[in-house]
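Worksheet: one structure, shown below.
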Amino acid sequence: MTSTGETDGRAGGGNGAGGGGATGADTAPAPARKANWKLIGPGIVVAATGVGAGDLVATLLAGSKFGYTLLWAAVIGCLVKISLAEATGRWHLATGRTLLDGWRSLGPWTTVYFAVYVVLWGFVYGATAMSSSALPLAALFPDTLNLRTWAILCGLAGLAFVWFNRYAIVEKIMMVFVGVMFAVVVYVAIRVTPHLGDAFAGLLPVLPDGSLFYTLGLIGGVGGTITMAAYGYWVNAKGWTDAGWIGMMRLDNRVAYVTTGVFVVAMLIIGAELLHSTSIAIGSGDRGLLDLGEVLEDRFGPVTADLFLVGFFAASFSSVVGVWHGVSLLFADFVERVRAARAQGTGGEPPVLEVARGQRERSWPFRAYLLWLTFPPMTLLWLDKPFGLAVAYGVLGAFFMPFLAATLLWLLNSDRTPREWRNGLLSNVMLTAAGLLFLALCVQELYERSW
């Protein structure tokens, strides 16, 4: 399969159509492609999608409460995301099977779990994402439209963009969003004049009193959502469809999350220098970024404040575009496999599915989920409590990442994966640590919501 290969399902010659896994013994090894910086893209898409306004506020609050002390946690968080995304991409490329295909091979319980999760999560997240994107627009253009109207327009804009475009265009617009986010946040971090000595001292692992949950959140929160599972689908949509692309995928993934790491560090610097050193408090949730905008206006003037709001919008709306596209790909693959199993009539492993590149984006399940993400959640906007939507979203989101880490461990240590591409010691350690971390975050989230 070359870079212009025509499948994004079970590419690579049908590596194991049955439930026994893909050994690759009946196919020639794919030639290794040279990693090329010009081809970087899917990693940027998944990283930008995962970094939303809530993650920015969590990082900002960590900096405002503990200064640079938790900088080390942000670095570890990036390493965790690199490990998860690499494992997802490696599964797709080494086996020629999608992640939904792999989950299905673990038993019917995964299908039931995903079906319930993706429907409920999509309903809540749709409203949360639209509201988050609307906040900076309402602040930039006061006395024009109300917050609900801005939110609806953001949802419709995301729907139209993904409906009429394919992955290549989605990637390009996400690159623009990342550029805006990165430039604005790094610019503000430089303006607040960071103390580099304190920043380097923050690389030493220290846990101040009362910082445990902030530390866990900083490690696990930035860039970690269901869109981590979409990375393999975006890799395939890019045209990377066999094990020969694993080197390129790894470069793509590392560059994306190193960029995210710089972004997170910049937010921590802003929190430490602008808020911690002056004891200025901001609100939680997306409202905290609006509060920060007011602080920036008082300190540096309206131009810097408006630039920050533009970066806030880029961070929020990039999540709309990324989720509308990536999770719809997941849902479309899920429907395809359920229909294939029913057609087979045995309830067992479905036959090999060859899906032409771009065809999934035109399928009715893909577009049905797009509509599900857009219109039913709009009913929640009439509650006039856009920040409270994050409560249900947080509870639902907490369950997915432990599931992802655990199933990747299972898949990549079994004969479902060709031996040369199974997990090594480092991958197993990182995925195990990620699973335990996200399980702790899940328990924390449930505990907080119960009070």
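Points worth noting:
- Looking across Val116, Val124, one residue alone is within 28 Å of Val264 (Cα to Cα) and modelled with pLDDT under 90. It is Val124.
- Residue in segment 253-269 that is modelled with pLDDT of 90 or more, farther than 30 Å from Val119 by Cα and not in a helix (DSSP H, G or I) present: no
Yes/no per residue for (1) in a helix (DSSP H, G or I); (2) within 22 Å of Pro42 (Cα to Cα):
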residue	(1), (2)
Ile169	yes, yes
Met174	yes, yes
Phe177	yes, yes
Met181	yes, yes
Val186	yes, no
Ile190	yes, no
Thr193	no, no
Gly197	yes, no
Leu207	no, no
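- The condition of being at pLDDT below 90 and either out of contact with any helix residue (DSSP H, G or I) (no Cβ under 6 Å at 6 or more places or on another chain) or under 30 Å from Gln359 (Cβ atoms) (or both) holds for only one of Ser318, Ser284, that being Ser284.
- Looking only at segment 414-435, and only at residues there that are without any contact (Cβ under 8 Å) to a residue 60 or more places away in the chain and of a type in the set (Val, Ile, Thr), the one that is farthest from Leu106 (Cα to Cα): Val429
- Within segment 401-444, tally of residues that are outside any helix (DSSP H, G or I) and more than 19 Å from Gly232 (Cα to Cα): 2
- All positions within segment 59-94 that are modelled with pLDDT under 95 and of a type outside the set (A, V, I, L, M, F, W, C): Thr59, Gly63, Ser64, Lys65, Gly67, Tyr68, Thr69, Gly77, Lys81, Ser83
- Extreme residue, modelled with the highest pLDDT, among residues of segment 339-389 that are more than 19 Å from Gly122 (Cα to Cα) and in a helix (DSSP H, G or I): Arg362
- Unmet criterion (only one of (1) crowded, with 24+ Cβ neighbours inside 10 Å; (2) part of a helix (DSSP H, G or I); (3) not β-branched (Val, Ile, Thr)) for Gly244: (1)
- Qualifying residue in segment 81-97 (condition: over 19 Å from Tyr233 (Cβ atoms), assigned to a helix (DSSP H, G or I) and in contact with a Phe, Trp or Tyr (Cβ under 8 Å, 6 or more places away or on another chain)): no
- Selected residue (criterion: modelled with the lowest pLDDT) from residues of segment 28-41 that are out of contact with any Asp or Glu (no Cβ under 6 Å at 6 or more places or on another chain) and not hydrophobic (A, V, I, L, M, F, W, C): Pro29
- Every listed requirement among (1) outside any helix (DSSP H, G or I); (2) in contact with a Phe, Trp or Tyr (Cβ under 6 Å, 6 or more places away or on another chain); (3) not aliphatic (A, V, I, L, M) is met by Gly239 save one, (2).
- Some residue of segment 276-283 being over 18 Å from the mean Cα position of the chain (by Cα), farther than 30 Å from Pro418 by Cβ and assigned to a helix (DSSP H, G or I): yes
- Checking Asp298 against (1) in a helix (DSSP H, G or I); (2) crowded, with 22+ Cβ neighbours inside 10 Å; (3) of a type outside the set (Ser, Thr, Tyr); (4) modelled with pLDDT under 95, the condition it does not meet: (2)
- Members of segment 272-295 that are surrounded by fewer than 24 Cβ atoms within 10 Å (Cβ to Cβ), farther than 20 Å from Pro194 by Cα and in contact (Cβ under 8 Å) with a residue 12 or more places away in the chain: Ser284, Gly285, Arg287, Gly288, Leu290
- Of all residues making up segment 182-205, the number that are β-branched (Val, Ile, Thr) and exposed (fewer than 15 other Cβ atoms within 10 Å of the Cβ): 2
- If only residues of segment 98-113 that are part of a helix (DSSP H, G or I) and of a type in the set (A, V, I, L, M) are counted, the one that is modelled with the lowest pLDDT is Val112.
- Condition met for Leu56 (at pLDDT below 85 and not β-branched (Val, Ile, Thr)): yes
Here's the yes/no breakdown for (1) free of Cβ contacts under 8 Å to residues at least 40 places away in the same chain; (2) crowded, with 21+ Cβ neighbours inside 10 Å; (3) under 18 Å from Thr374 (Cα atoms); (4) out of contact with any Phe, Trp or Tyr (no Cβ under 6 Å at 6 or more places or on another chain):
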| position | (1), (2), (3), (4) |
| --- | --- |
| Thr110 | no, no, no, no |
| Tyr117 | no, no, yes, yes |
| Val124 | no, no, yes, no |
| Ser133 | no, yes, yes, no |
| Leu137 | no, yes, no, no |
| Phe141 | yes, no, no, yes |
| Arg148 | no, no, yes, yes |
| Ala151 | no, yes, yes, yes |
| Val162 | no, yes, yes, no |
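- The lone criterion from (1) under 24 Å from the mean Cα position of the chain (by Cα); (2) surrounded by 15 or more Cβ atoms within 10 Å (Cβ to Cβ); (3) not aliphatic (A, V, I, L, M) left unmet by Gly179 is number (2).
The values are calculated or read from the model by the stated rules, or taken from the named source; none is laboratory data. Note that the structure is a prediction, hence the values are computed from the model and not measured. Using ideal geometry, Cβ is built from the backbone for each residue, glycine included, and neighbour counts are taken over all protein chains shown.
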